[in-house]
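The values are calculated or read from the model by the stated rules, or taken from the named source; none is laboratory data. All values reported here derive from a predicted model rather than from experimental measurement. Using ideal geometry, Cβ is built from the backbone for each residue, glycine included, and neighbour counts are taken over all protein chains shown. Just so you know, the surface numbers come from the protein's heavy atoms only, side chains and all, with ligands and any DNA or RNA stripped out. Shrake-Rupley method; radii C 1.70, N 1.55, O 1.52, S 1.80 Å.
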Amino acid sequence: MAIEGMDIAGVQAIVTKLNGQIKALESVRTSVNSAVSSATSVWKGPDVAKFQADWQSHQASLQRAEQAITELVTKAKSNIAQQQQTSNSY
C-alpha cells in the first residue's frame with residue numbers, strides 16, 4: 001500500500017535550503033553589481049557603458065530566479081500548513 005502525505009520536517013529542510021539559495025543569488029548579484037559598477041574606474045570609452053548595460057539584463061535574470069525560488073518557498077510553506085492542519089484533524 002502506498003503512503004501519501006508529507007514529511008513536514010523534510011519539507012521544512014527543503015525550504016531552509018531554498019532560502020539559502022535565494023540569499024546566495026542575492027549575494028552574487030550584489031557582488032557582481034559592485035564589480036561592474038566599478039568598471040568605469042579602470043575602463044574608459046563606450047564599451048564600458050555597453051558592458052554595464054549588458055549586466056543590467058543579466059541582473060534582471062538573477063532577480064527573476066530569486067523570485068521564482070521565493071514562490072517555491074511560499075508554495076512549500078502553504079503545503080506544510082495544509083499538511084499540519086490535515087494531520088491535526090485526525
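In whole Hz, what ³J(HN,Hα) sequence does region 66-73 give by Karplus (6.51, -1.76, 1.60; θ = phi - 60°), x for Gly and Pro?
Once θ is set to phi - 60°, the couplings for region 66-73 become 4, 5, 4, 5, 4, 5, 4, 4 Hz.
Please enumerate, by chain and number, the aspartates and glutamates with C-alpha under 12 Å from the C-alpha of residue 23, excluding those fewer than 8 residues away in the same chain.
Within the straight-line cut-off, residue 23 pairs with 66.
Just grab the label-to-label distance for residue 58 and residue 74, each label 7 Å out from Cα along the Cβ direction, in nm (one decimal).
A separation of 2.8 nm, rounded to one decimal place.
Can you work out ³J(HN,Hα) from phi for every residue in region 48-60, in order, using Karplus 6.51 cos²θ - 1.76 cosθ + 1.60 and θ = phi - 60°, giving whole Hz and x for Gly and Pro?
Karplus values, whole Hz, x for Gly and Pro: 5, 5, 5, 4, 5, 5, 4, 4, 4, 6, 5, 4, 4.
Give me P(r) over region 12-90, computed from all C-alpha to C-alpha distances, binned every 5 Å, as integer percentages.
Per 5 Å bin, starting at 0, the Cα pair percentages come out as 3, 14, 17, 15, 12, 10, 8, 7, 5, 4, 2, 2, 1, 0.
For the chain, what is the accessible area per residue in Å², given a 1.4 Å probe and the full set of protein chains?
I get 74 Å² per residue for this part.
Summarise the long-distance tail of P(r) for region 5-49 by giving the % of C-alpha pairs beyond 12 Å.
Cα-Cα pairs in region 5-49 separated by more than 12 Å: 71 percent.
Between residue 84 and residue 51, what length comes free when the chain is fully extended (0.36 nm per residue of separation minus the Cα-Cα distance, one decimal in nm)?
Length gained between residue 84 and residue 51: 6.9 nm.
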